[in-house]
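The structure appears below as C-alpha cells.
The values are calculated or read from the model by the stated rules, or taken from the named source; none is laboratory data. All of these numbers come straight from a predicted model, not from anything done at the bench. Cβ: placed from backbone, ideal geometry, glycine included. Neighbour counts: every protein chain shown.
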Amino acid sequence: ARVNSLYRVRDGVITQIVKGDPQWPQSFYPLSTAVEIQNDDYLVGQCVYDNDDDQIVRVGPTHKDEMCNVYAMYSYEPTKTANGKQKTGEVPIRSCWDNEFSSLINLIPHDSEVPPRRPSDIGETRSGHDTHAEHAMNPTIGKHTSSTSDDDQSYDDYMDEVENMRHRNRGSNPYDINKVLSHLGLPDYEYVDAQNYDYLLPTHLTYGKEQTVKLHNAKITSPNLYTCVETWPDVKSLPGQLGEIGGITLNKANDELIVFHRGTRKWETKYFTGNYRFRNEVYGPIDDDVLLHVDTRTGQTKARWGAKMFYMPHGLTIDHAGNIWVTDIAMHQVFMFKPNDLLHPALTVGEMFQPGSGPTQLCRPADVAVMKNGDFFVADGYCNSRIIKFNRKGEYITEWGTPMNGMRDDDGFPLPNQWNIVHSIALNEDAQLLCGADRENYRIQCFNSKTGEFQRQIRVEGKDNIGPIYAIEFAPNTNGTVLFAVTGGAETPVKKVYMIDARSGDILTSFDSDPHLKAPHDIAVSSNGREVYVGELATSPANALHKFELSKRKDLPTQAFSKRIYLNDKNFRTSLIIMAFFAIPVLLAVIFGCLIRIRNLRKLRRLNTFLSDVKTNSTAPTSVLGDWMNRRKGFEKLDQCSDGENEPLENDLNDDINSNDESKPPPTVNNNIAFKMGASL
C-alpha cells in the first residue's frame, strides 16, 4: 500500500481528516485539531495500492490478497436511560462493507493518491517501551523549526511524487483529451484540460500542453473538459409551469433549442390502466404550451406552442428539412409538423389511445430518428422492445428487436438485439449506424441502419458503477462517429454525460455538472459537438435545462500564461511548409540577380580596358578598314546593352568610313570620346 487516508462526508461535502503512509511505524497519532462527527455523517477510509503484477489483487485475508486498515479512536457521550443510568451496548458509529454506499467513492478528491510528507517528528524506528511515543506527532507541529538537508530532500521527494502522480494520471486516464479534440475536429491548442493541482503545488508548472499557469493564483476548477454555463437559461423567461422535460433538440442553425415538456402533468400510474391505455375519458390534454423555443445564446424563450394538443410528451426530433417530430406515450402516436404549420400534424403514425404491436400500432413510442430521404425509425420500446422503420409516408417497412428471455451473453448482459426499454435512438446516416439506448440493460446497441444487422454494444461504465442510459445523440459535423449519452435513474449514483466513439465503442470522456445532474431525460448536441444540452425530469424551471460548453483557453482561472511553440504541433508544421514554399522562389531570384550583376561587372571591366587601349593607340598609323574593324570589334557587346547610345559623336568620321576613299588621308580620332553609360553597366 502507498497511501491510506480517512475522510468525513457531511451533506455531500468531503473533508480530509488524516492521510498517512502505511510504511510509517504503526501507531496512533494525535490530530492537530479535533474533528467532530455528527449524526448522518459518513467516515470513508481509502487505501491506495501499486499493483505491478499481471493479475487482479483483491482485499482479503489470504496471502494472495491485500489488507489495509485506517484505525481511528473516538470518544462520545453515551445516552442515558430515564433514571439517569448509562445505556450499554449501543455503538454510535455503524460500519458498512463493500459498495453499500458506492456514491461516496465519487467524492474522494484527486489528490488522494498523493502520499503525505513525512513529518519531521517521526524519527527512526527503535525498540523499547517509548517506541510509539517517539513516533507520535508533535503537538507543536506548524511552528517554525529549522530545516535540514534531510527535510529538503524529503520535500523534494514529495514534490517528485506529486509530479509522478500527475504523469500516472495522464498515462492511466482513459480519456485522451487530444483524441477527443481530434474527433471533434478542433486544434489541440485551442482547448485544454482544466485539471488543477493548486492545493498541492506552491509554485507554477507546465499546465496542459501549451500554457504555464501560476496555479497558486488560480481557483480550484472542475476537471471536466466541458463546463456548465451557470447563467443559462434565463430562468425568468421560462414559463412557471415548465415541468418534466420529455425531449429536447436543436434546430439546423443551432441557434434554438426546442423543448418538449409536460407542464403541470407528471407521469403517474393513475393516468394509465393495466394494459398501458391512457384514461383519456378522465384526463384531457395538457392545457399548457408544452413546446418552447429557447435561444441558445441568451437562454430566453422566443416562442411557445402546443397547448391542448398532447397528453404525455416524450420524444422530440428535427429532421434535415426542419420538420418537427414528437412522440406522445399516452396517445401511442408519432406526429410530424411542418415548420409553417405547427397546429396541424402533416403526418401521424399509430392509433390514438390504442396500444398495440401490429405494423400500424405503437405502444408508448419513445423517440424518432429521420433519414435524409424522409424514411424514419421509431423507438417503440416501452411495451414492444423493438425499433420500427417506416417510409416517408408512414408506411411500415421493417422492424427488429425482441424482449428479454432470461439468457445471458458471456459478459453477463442480455443477448444482442434484446431490449429492456428502447428509450432513445440516434442515427448517423453517413456511417450507416443506428444506435439505441437500451435503458434498463445499462447499454447502447448499434446496428447497420440499412440492414438492421447488429454491430456492437457499448457500456459506458464498469458493471458495478453503471446506471440506466436515458438518451443518446450523434454530433454530425465531427471527425468520426461521435456519440453522446447521458445516464439517469435513481439507482445511478452520479449522472454523467459521456462522449463515445461509436465505431470502436471507446469512451472518449465524461462529465457532469456542479451541482450534479439529478434526473436527466434527454440530450441534444450542436453539430460540431462544442455545446451539449441536457433536459431533466425537473420539479422547477431552475433545474430543468443545462448547457455545457467545451472549455476554452480563455476560461482558465488565470491568464498568466505564455504561448509555447512545439515542433510537433500540426499548425506549426503547416506554417513551416508555407514559409518554405514562398522563401524558395525568393532565394532563387536573389541568386539569379547576383549572377546577372556579376556578369555585368565583367562587361564593364572589359569596356574600361578597351577605352584605355583606344587612348593609348590613337596616334598609331593604321588603315581605315583596320581602324573600322577594331572600332566595331571593341563596341560589339556594348551596342547590345546600350541601345546604340555609346556611338562616337564625330559625324565626319562616319562619312569618311562609309565613302571608302583610300586616297584621303586617314582620319584623326579625337581622344575626347564621349559615351552615355547605361545604368546597367
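Please give the number of the condition Gly467 fails out of (1) assigned to a loop (DSSP other than H, G, I, E, B); (2) closer than 19 Å to Val378 by Cβ. If we test Gly467 against (1) assigned to a loop (DSSP other than H, G, I, E, B); (2) closer than 19 Å to Val378 by Cβ, just (2) comes out false. Just so you know, in segment 445-460 the residues that are free of Cβ contacts under 8 Å to residues at least 24 places away in the same chain and assigned to a loop (DSSP other than H, G, I, E, B) include one that is nearest to Thr509 (Cα to Cα), and it is Glu453. Across segment 58-76, a minimum of one residue is classified as within 18 Å of Arg10 (Cβ to Cβ), more than 40 Å from the chain's Cα centre (by Cα), free of Cβ contacts under 8 Å to residues at least 60 places away in the same chain and in the same structural domain as Asp111 (by TED's automatic domain parsing). Please go through segment 511-530 and pick out each residue that is more than 16 Å from Tyr442 (Cα to Cα) and in a strand (DSSP E or B). Of everything in segment 511-530, those that are more than 16 Å from Tyr442 (Cα to Cα) and in a strand (DSSP E or B) turn out to be Phe511, Leu517, Ile523, Ala524, Val525. The residues on offer are Val370, Val326, Val290, and the sole one that is hydrophobic (A, V, I, L, M, F, W, C) and either in contact with an Asp or Glu (Cβ under 7 Å, 6 or more places away or on another chain) or farther than 27 Å from Cys383 by Cα (or both) is Val370.
If the condition is being touching a Ser or Thr at 6+ places or on another chain (Cβ under 6 Å) and not charged (D, E, K, R), then segment 251-293 contributes Asn254, Leu257, Ile258, Leu292.
When Asn405, Asn477, Asn391, Asn465 are checked against the criterion of being closer than 16 Å to Ile507 by Cβ, in the same structural domain as Gly356 (by TED's automatic domain parsing) and of a type in the set (S, T, N, Q), Asn465 stands alone in meeting it.
Does Gln457 meet the test of being touching an Asp or Glu at 6+ places or on another chain (Cβ under 6 Å), surrounded by 17 or more Cβ atoms within 10 Å (Cβ to Cβ) and among the polar types (S, T, N, Q)? No; evaluated as a whole, the condition is false for this residue.
Kindly establish whether Lys450 is charged (D, E, K, R), over 21 Å from Pro355 (Cα atoms) and touching a His at 6+ places or on another chain (Cβ under 8 Å). So Lys450 does not fit the description; no.
On inspection, Leu362 does not qualify as modelled with pLDDT of 95 or more and part of a strand (DSSP E or B). For segment 477-492, the candidate set comprises residues that are buried (at least 17 other Cβ atoms within 10 Å of the Cβ) and part of a loop (DSSP other than H, G, I, E, B); within that set, the residue that is modelled with the highest pLDDT is Gly488. The residue of segment 262-277 that is nearest to Gln361 (Cα to Cα), among those that are among the β-branched types (Val, Ile, Thr) and in a loop (DSSP other than H, G, I, E, B), is Thr273. Looking for something outside any loop (DSSP other than H, G, I, E, B), touching a Pro at 6+ places or on another chain (Cβ under 8 Å) and more than 20 Å from Thr451 (Cβ to Cβ) - is there at least one such residue anywhere in segment 336-344? Yes, that holds for at least one residue.
Give segment 493-508 a look and list any residue that's over 24 Å from Asn448 (Cα atoms) and either surrounded by fewer than 21 Cβ atoms within 10 Å (Cβ to Cβ) or outside the structural domain of Asp295 (by TED's automatic domain parsing) (or both), or say none. If the condition is that a residue be over 24 Å from Asn448 (Cα atoms) and either surrounded by fewer than 21 Cβ atoms within 10 Å (Cβ to Cβ) or outside the structural domain of Asp295 (by TED's automatic domain parsing) (or both), then Pro493, Val494 are the ones that fit. Could you tell me which residue of segment 37-55 is farthest from Leu6 (Cα to Cα), considering only residues that are in a loop (DSSP other than H, G, I, E, B) and at pLDDT 75 or above? Filtering segment 37-55 for residues that are in a loop (DSSP other than H, G, I, E, B) and at pLDDT 75 or above, the one farthest from Leu6 (Cα to Cα) comes out as Asn51. Exactly one residue out of Gly350, Gly315 is crowded, with 22+ Cβ neighbours inside 10 Å, modelled with pLDDT of 95 or more and at positive phi: that is Gly350. Annotation note: Cβ proximity below 6 Å between a residue of segment 229-253 that is part of a loop (DSSP other than H, G, I, E, B) and small (Gly, Ala, Ser) and a residue that is at pLDDT 90 or above and surrounded by 24 or more Cβ atoms within 10 Å (Cβ to Cβ) (sequence gap 6+ or interchain) occurs for Gly243/His261.
Give the residues of segment 460-476 that are of a type in the set (D, E, K, R), surrounded by fewer than 20 Cβ atoms within 10 Å (Cβ to Cβ) and under 19 Å from the mean Cα position of the chain (by Cα), sorted by residue number. Once the filter is applied, which keeps residues that are of a type in the set (D, E, K, R), surrounded by fewer than 20 Cβ atoms within 10 Å (Cβ to Cβ) and under 19 Å from the mean Cα position of the chain (by Cα), segment 460-476 yields only Glu461. If you go through segment 278-293 and keep only what is in contact with a helix residue (DSSP H, G or I) (Cβ under 8 Å, 6 or more places away or on another chain) and either assigned to a strand (DSSP E or B) or surrounded by 14 or more Cβ atoms within 10 Å (Cβ to Cβ) (or both), you end up with Phe278, Tyr283.
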